[in-house]
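Since the structure comes first, as structure tokens, the remarks are kept for the end.
The values are calculated or read from the model by the stated rules, or taken from the named source; none is laboratory data. It should be emphasised that the depicted structure is a prediction, and the values quoted were computed from it without experimental measurement. Please note: Cβ atoms are built from the backbone with ideal geometry, for glycine as well, and neighbour counts cover all protein chains shown. Only protein heavy atoms, including side chains, enter the accessible area calculation; ligands, DNA and RNA are left aside. Shrake-Rupley method; radii C 1.70, N 1.55, O 1.52, S 1.80 Å.
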Amino acid sequence: MGAGVAETRAFLDSVAETLIAGGKLQRPGLERARRVSAETNERLDTALTKLGLVSDIDLATAIAGTAGLQLVRDGDFPQTPLFETSLSSRFLRQVRAVPLADDPARAVFAVADPLDKFTVDALRLATDKPIELRVATPAQIEAALDRLYGETNSIEVLEGGAGDTTTRQADADVERLRDQASGAPVIRLVNVLIERAVEQGASDIHLEPFEGKLKVRYRIDGTLREVEAPPAQMAQAAVSRVKILARLNIAERRLPQDGRIRLAVRGREIDLRVSTTPAVHGESVVLRILDRESVSFDFAELGFAEDAAANYLRLLDSPHGIVLLTGPTGSGKTTTLYASLLRLNTEERKILTVEDPVEYQLDGIVQVQVKPEIELTFAAALRSFLRQDPDVMMVGEIRDLETSQVAVQAALTGHLVLSTLHTNEAAGAVMRLLEMGVPDYLLTSTLNGVAAQRLVRKLCPDCCESYAPTGELVRRLHMEELLPAGVPARLYRATGCASCGGTGYRGRLGIIEVLSVTDEIRRLILAEPDARALERAACAEGMRTLYQDALTKAAAGATSIEEILRVTRSA
């Protein structure tokens, strides 16, 4: 079917009403999409998916129903390519179409956009047959073309618009580079890289330039995996496309830059935090994927055992004082902070945060992004917070004496302060604050407690297998201390299957230790502070260390002994 502008608009209005009638779209969302469509001159269906208001499959179902066309199922696609002599895979990718059947009287095609008259006419001319259309999602089209023509072709088709730009052309014309970065081939490339990363559950996308090539890696469950990369001649255009989306200066390649992208992927709104840094062969780019739908802010799902959760929640229930989260970069501290803020977020509390950067926007909480270039630092923001009549304040990280002093001042004046530090264990956070110059008498008066955490990979439930460890291993791991008398020790190992991509792991889980500052801990801080002495005292009062918490989870089948030794200590 083909349609003019007026007919297309009327058709899409009918599609929208079908979505509303089916409960797949709300009326306010439709009005919002219509405003965006009018402002950007995009079609209504494009606006609906870009805003994340409708998923691809729901939209395709509504379009097929409204047009009286059949919806394609995955099993409808052929096993071998059709019309190979008359239709190239490059053309099929451009028009988002897949031939389904070649009958004497007709040719059947799955298309993502049945309203595209050009595509219908081109297919009719190429096949010299009447065309019967069926509707498929863009993801189905892409997957079918990858299977029929090979995944490399999904990148090869993009070479056509890449031009002659390479990472070695440091003085390339900026306007020409901007034009290439805004062209369909490069747009499609970047979209594919982001969509595949989101589908695979990646937390980061790394674009790394090397001589003659661009390496692309996804961080999945904490480990990097290399994926298919675009041709080298597209590297600079791809990086420029990311910078344009993040509103960065594409002409500046000598200095690091930071930005943010918000876009819809498969009907879900995704935020990406972008960081660029100059390298020998171009610019290295990292995109941190912030998908709130995939993040749990429930303490149990984050990995808190019952006793650790009870201790931590007692710290949060204090009306004033400092609660710290500690651990290396990528240990899940920020997620736990957000879970803490959501628990504290009530109508009776005024909550202010200062972050670098603001990763997730929380309704009802005033969030501030630091801007050192205008002297809006953690310390400066905290000082201003004290004049905002807050109940709870969160500072993304205590990095220096000035910030720690303001945090202590806030706690002394009756506020609850949440923050993070980079130390290996909970007791080390106390020593770090003392080393920064915080007086011990002020620290004992304000610090409520410290939670340290790491992330370990969870065993794939579909393929993990249990085994009985040897007596020597049980003794070396000190497992007997955690097991009830008479209960045999069991551990679990990763094997690998299709569900986990052969790694044996799927998802991640936190291991946590919570140190509450009791009278005994205060006495030690004022006497002769020592991290090991503080840890021993906390364990004597019931604290379970990171290693002990991890070992308990390994015995329960949540992770493997190899994982906990990797992130906690050597056996």
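Taking only the C-alpha atoms, wrap a convex hull around the range 319-405 and report its volume per residue in Å³ as a whole number.
108
Rounded to the nearest Å, what's the spacing between the alpha carbon centres of the range 416-439 and the range 518-565? Just the number, please.
First find each Cα centre; the distance between them is then 16 Å.
Does the chain classify as rounded, prolate or oblate by the C-alpha gyration tensor (a ≥ b ≥ c root eigenvalues; a/c under 1.5 gives rounded; else a/b over b/c gives prolate, otherwise oblate)?
Taking the square roots of the gyration eigenvalues as a ≥ b ≥ c, the chain is prolate.
Leaving out same-chain residues fewer than 8 places away, which lysines sit with a Cα under 21 Å from that of Lys117?
Result set, ordered by chain and number: Lys129.
For the range 328-396 and the range 236-257, what is the separation of their C-alpha centers, rounded to whole Å?
28
With a point put 7 Å past each Cα toward its Cβ, work out how far Leu401 is from Phe83 in nm, to one decimal.
Roughly 7.4 nm, to one decimal.
Using packing as a proxy for protection, rank 122-134, 423-435 so that the peptide with the highest average count of other Cβ atoms within 10 Å comes first.
423-435, 122-134
If you roll a 1.4 angstrom probe over the protein chains with everything in place, what fraction of the accessible area of the range 239-379 belongs to carbon and sulfur, to the nearest %?
Working: 3170 of 6600 Å².
The computed percentage sits at 48.
Could you run the Karplus curve 6.51 cos²θ - 1.76 cosθ + 1.60 with θ = phi - 60° over the range 403-409 and give me ³J(HN,Hα) per residue in whole Hz, x for Gly and Pro?
5, 5, 5, 5, 5, 5, 4
Quick one: Cα centre-to-centre distance for the range 204-228 and the range 30-70, in angstrom?
Centre-to-centre distance over Cα atoms comes out at 33 Å.
Take every DSSP beta bridge with both residues inside the chain and express the antiparallel ones as a percent of the total, to the nearest 5.
Here the share of antiparallel DSSP bridges comes out near 65 percent.
Mind listing the long-range amide H neighbours of Leu290? Cut-off is under 5 Å, sequence gap 5 or more, other chains count too, H placed in the peptide plane at 1.01 Å from N.
Asp271, Leu272, Arg273
Between 0 and 90 degrees, rounded to the nearest ten: what's the tilt of helix 184-199 against the longest Cα principal axis of the chain?
Long axis of 184-199 versus the principal axis of the chain: about 50 degrees.
Please work out whether the range 468-537 counts as rounded, prolate or oblate from its C-alpha gyration tensor, where a ≥ b ≥ c are the square roots of the eigenvalues and a/c under 1.5 means rounded, while otherwise a/b larger than b/c means prolate and anything else oblate? Don't skip to the answer; put the middle values down first.
Numbers: a/c = 3.54, a/b = 1.82, b/c = 1.95.
Verdict is oblate for the range 468-537.
Rank Asp271, Asp363 by accessible area, highest first, at a 1.4 Å probe radius?
Asp363, Asp271
Sort by residue number and report every cysteine in the chain with no other cysteine beta carbon within a distance under 4.7 Å.
Result for the chain is Cys464, Cys539, no neighbouring Cys Cβ within the cutoff.
Per DSSP helix of 4 or more residues, -39500 (n - 2.57); summed, then divided by the residues of the chain. What does that give at 222 nm, rounded to the nearest 500?
Result for the chain: -11500 deg cm²/dmol, rounded to the nearest 500.
Only loop residues by DSSP count here, and only those with at most 16 other Cβ atoms within 10 Å; note down the GluC sites (Glu not before Pro) in the range 526-571 that meet that. Display every interim value, and only then the final one.
Values: sites: Glu535, Glu541, Glu562, Glu563; in loops: Glu541.
Within the range 526-571, the qualifying GluC sites (Glu not before Pro) (loop, at most 16 other Cβ atoms within 10 Å) are Glu541.
At 7 Å along the Cα-to-beta-carbon direction for both Lys117 and Thr470, put a label point, then send me their distance in nm to one decimal.
Spacing of the two 7 Å Cα→Cβ label points: 7.8 nm.
Charges at C-beta only: +1 for Lys and Arg, -1 for Asp and Glu. How large is the resulting dipole of the chain about its Cα centre, in Debye rounded to 20?
Working: 67 positive and 80 negative charges, 51 e Å.
Taking the Cα centre of the chain as origin, the dipole is about 240 debye.
What number comes out for accessible area per residue over the range 202-352 if the probe is 1.4 Å? Units Å², please.
43
Compute the helix-to-body angle for 138-149: its Cα long axis versus the longest principal axis of the chain, expressed 0 to 90° and rounded to tens.
Taking the Cα atoms of the chain, the angle to 138-149 is about 70 degrees.
Mind giving me the FRET efficiency for Arg536 and Arg247? R0 is 56 Å, r the Cβ-Cβ distance, nearest 0.05 is fine.
After rounding to 0.05, the efficiency reads 0.60.
For Val265, list long-range residues whose amide hydrogen, built 1.01 Å from N in the peptide plane, is under 5 Å from its own amide hydrogen.
Ile270
By the scheme Lys and Arg +1, Asp and Glu -1, what is the net charge of all other residues having a beta-carbon under 14 Å from that of Val430?
My count for the surroundings of Val430 gives -3.
Classify the range 1-44 from the C-alpha gyration tensor, please: rounded if a/c falls under 1.5, else prolate or oblate depending on whether a/b exceeds b/c.
Cα axes put the range 1-44 in the oblate bin.
What angle, in degrees between 0 and 90 and rounded to the nearest 10, separates the Cα long axis of helix 531-540 from the longest principal axis of the Cα atoms of the chain?
Helix 531-540 sits at roughly 90 degrees to that axis.
Show which aspartates and glutamates lie in cross-link reach of Lys215 when reach means a straight Cα distance below 13 angstrom and same-chain residues fewer than eight apart are skipped.
In chain and number order, the partners are Glu226, Glu228, Glu283.
Quick one: Karplus J couplings for the range 385-399, per residue in order, coefficients 6.51, -1.76, 1.60, θ = phi - 60°, nearest Hz, x for Gly and Pro?
4, 4, 9, 9, 6, x, 9, 10, 10, 10, 10, x, 7, 8, 10
If amide hydrogens are placed 1.01 Å from N in the peptide plane, which non-local residues have theirs closer than 5 Å to the one on Ser284?
Correct list: Thr277, Ala279.
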